Structures are given as C-alpha cells and as structure tokens.
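So the structure is just underneath, and the comments pick up after that.
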Amino acid sequence: MEWRGRRQSNNVSDQRGRGGGGFGGGGPMRIPIRAGGGGGIGFLIIIAILWLGFGINPLSLLGLDQGGGQPTRTAQGPGPQGTADETDDFVATVLADTEDVWGRRFQAAGETYPEPKLVLFTGSVNSACGQASAAMGPFYCPRDQQVYIDLSFFQQLDRQLGAPGDFAQAYVIAHEVGHHVQNVTGILPRTTEMRQRMSEADANAISVLVELQADCYAGIWAHDTYEAGYLEPGDIDEALNAASQIGDDTLQRRSQGTVVPDSFTHGTSAQRQEWFKRGYEGGDVAACDTFQGRI
C-alpha cells in the first residue's frame, strides 16, 4: 500500500504508556462487545495466541494491572515496513483514508460523516464501554465513537497468526471503522438491542452478521482506495489472508482442535473473505446487507 507522504488524520489520540489501572470490579473482558460495542476483531485471535503460543489461560488476565511507563511516541514493535518510528504515520494515514472514503459516501447521500477518533494504548485502556486489556485486540466503542488499538497486536497478527503485511494491518483498522459506520447509521444500536433479548446462540448469530458487514465495509474502503491508485500488487491478497486466519473456525481449530459453530461470533474464514470481496469488488454499500431483512 502506498501511504508515505500522504495526508494523515488528526483524529489519533496517543495514550500509550499511561496504563489503564487494574480491572478491579470492572467486569468481564467482553464488556465492549456486549455493552453495545463493535466486536473486537482480535478477541478470538488473542485467545488463540495465548493458548497456543504461551500456554496462558486468558481468564487469568482478569484483574491484572497492565499499566505502562511514561508516554512515548515510539510504536510498540516494528511498523509496516519493519521500522518502529513509522507505525504512527501509517495508522494515521489509513485512518485518513477511511475518513476520505466514508466522508465522500456520506456527502453523496446528503449527510455528514462524523469522524471517529483512534486511540493508541499500551496494555490496558479506559473507554466509555468499560476498561479493556490489550488481550481484547482492537475494538470499537460506540459510546465514545472511538477505535482502540494496542499496536503490539500487529506483531501478533504477523508472527503468531501468519497474516503479515501493511494491508493486513490496514484491513484491521478499516474493519473497526466499519463498526463506526454501523453505529452512526443505526445498525449497531439495533443489533445490540436485539442480542440482549436473545439466547446466547441466537445473539452470537447476530454478532456474526455484524462482523461480516464490517468486513464488507472494509472491502468498500479497499475498493475506493484502489480507485484512488494507492494499492500495490499483493495488497488484497494480504487482506484476504488476514480474513482467513482470523475466521472463527480457523481459530477454534487451532486453539482447541474442534469447531463449535454455535459459539461463532465473527464468522468463518470463508465468510469473512467472501464479504470483504463483496465490498471490494462491487464498491456498493447496499451489497453489504448481511442481515437481509432481519433488522
């Protein structure tokens, strides 16, 4: 992806090194999802990494203080091109791209796009949806309309899950911004209210549809970025590989050796690839209706 020397968003808030304090009575790790948030794309990923790579039970993270040291502008680990000091610029450029894409599309519909903030944090962070650890992975909180990312997640995406590349990382950001689009268009509040009245299995099924639509919206962003001339050979393959590596079936098979469809919350690898491709190939928001009249 060609990103150097381009516009960067001013909507990036750097909270790295500040820490978020201990969890105390803050509740379960899934608060941002069940309390009306866009499902963190990395929640199941981190579960798989902890079990497979380190033998850590993710539940042991509850109550852990993961506060860091002094604030810093240095990224936690290598950036998209293997350097630490470029990651901030990369993230700000991708966020600016999403602002341009959705700003134009909202304007064409006679509306104004309310740009989200993207919060960089280390270890743990306080959000309007509750306190969250880096073990959540990236997530979107509709209560404050902010995307939260601990940049160490990009290392895990590459090294533990086999999804390298700057466009794989950009796909993650675009997916979370897709939840913001769902929020401001009313989809996220409606589906959250629906899930609260359902059984766990039915609520999970709705969550899958929410996540697949966010994948489709990420494809919309990729489509417009391609039209603008910023994609490079192999970029879409990186995104599709990332979508495959973080499918519920793939992660469950890796972490526990079996697949339990009723517990899916994000969709299978094939579904995630399919819906990203729908957005990318057609560039039509109407084609991203995963719900088909259910909401």
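FYI, it's all coordinate maths here, none of it is from the lab. Remember, it's a predicted structure, so these values are computed and weren't measured experimentally. Virtual Cβ from ideal backbone geometry, glycine too; neighbours counted across all protein chains shown.
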Worksheet, complete the sentence: Placing each pseudo-label 7 Å from Cα in the direction of the beta carbon, GLU281 and ASP14 end up separated by a distance in nanometres of 4.1 nm
Item to complete: Express in nm, to one decimal, how much length is gained between SER199 and ARG7 on full extension, taking 0.36 nm for each residue of separation and deducting their alpha carbon distance.
Response: 64.6 nm
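Figure the gain on full extension for ARG159 and GLU227 (residue separation times 0.36 nm, minus the Cα-Cα span) and round it to one decimal in nm.
Going from the current span to full extension adds 21.4 nm.
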Item to complete: Calculate the dipole size of the range 126-223 relative to its Cα centre from +1 charges on Lys and Arg beta carbons and -1 charges on Asp and Glu beta carbons; express the result in debye to the nearest 20.
Response: 180 debye
Discussion item. Shape verdict for the range 181-295, please, from the Cα gyration tensor: rounded (a/c under 1.5), prolate (a/b greater than b/c) or oblate.
Written reply: oblate
